[in-house]
Structures are given as C-alpha cells and as structure tokens.
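Below is one structure, written out as structure tokens; comments come after it.
The values are calculated or read from the model by the stated rules, or taken from the named source; none is laboratory data. Remember, it's a predicted structure, so these values are computed and weren't measured experimentally. Here Cβ is always computed from backbone atoms with ideal geometry, including for glycine, and neighbour counts include all displayed protein chains.
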Amino acid sequence: MWKLIPAGVSPGSRFRLLFVTLARRRPDSSDIAIYNTFVQNRAKAGHTAISDSCGNLFKVVGSTEAREPLN
C-alpha cells in the first residue's frame, strides 16, 4: 500500500494529493508544461514514497499570462 494514501480511503477509491512547496520558480513562461515539470520534480524530491511513476502525474495548480484570442 502506498504510504501517502489518507486514512479512510477504501481500496479502489480515488483521492487527490495536493502539496505546497517553499521552492519558487520565476513566473516567466506561458507554457504550463514548464510549471508542471517543476512541480513533478519537487514532488519526487520531497518524499521517498513519490517515485518517477507517480511523481510525473502531479500538475501545477496555477495559470499563466498567456491568453487565447477571443473569437
């Protein structure tokens, strides 16, 4: 069993794991994938239970300045 599953979550159930890092990254890209990679690397570096297989599933909770043109 994965060490980070919260108590009370039944086998086969789904949950979301959210973490906050003190590490910062300069917000200078409009490519959200840059920030996802940053978050994934921080997740894998932060806890031994998060390996490459699940660490690469983390996504940033954020947005970029990029705006889609209005049609």
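Numbers at a glance
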{"item": "Test: residue in region 7-30 that is within 12 Å of the chain's Cα centre (by Cα), hydrophobic (A, V, I, L, M, F, W, C), surrounded by fewer than 10 Cβ atoms within 10 Å (Cβ to Cβ) and assigned to a loop (DSSP other than H, G, I, E, B)", "result": "yes"}
{"item": "Among (1) surrounded by fewer than 12 Cβ atoms within 10 Å (Cβ to Cβ); (2) at pLDDT 85 or above; (3) not polar (S, T, N, Q) - the single one F58 does not satisfy", "result": "(1)"}
{"item": "Some residue of region 50-57 being acidic (D, E) and not in a helix (DSSP H, G or I)", "result": "no"}
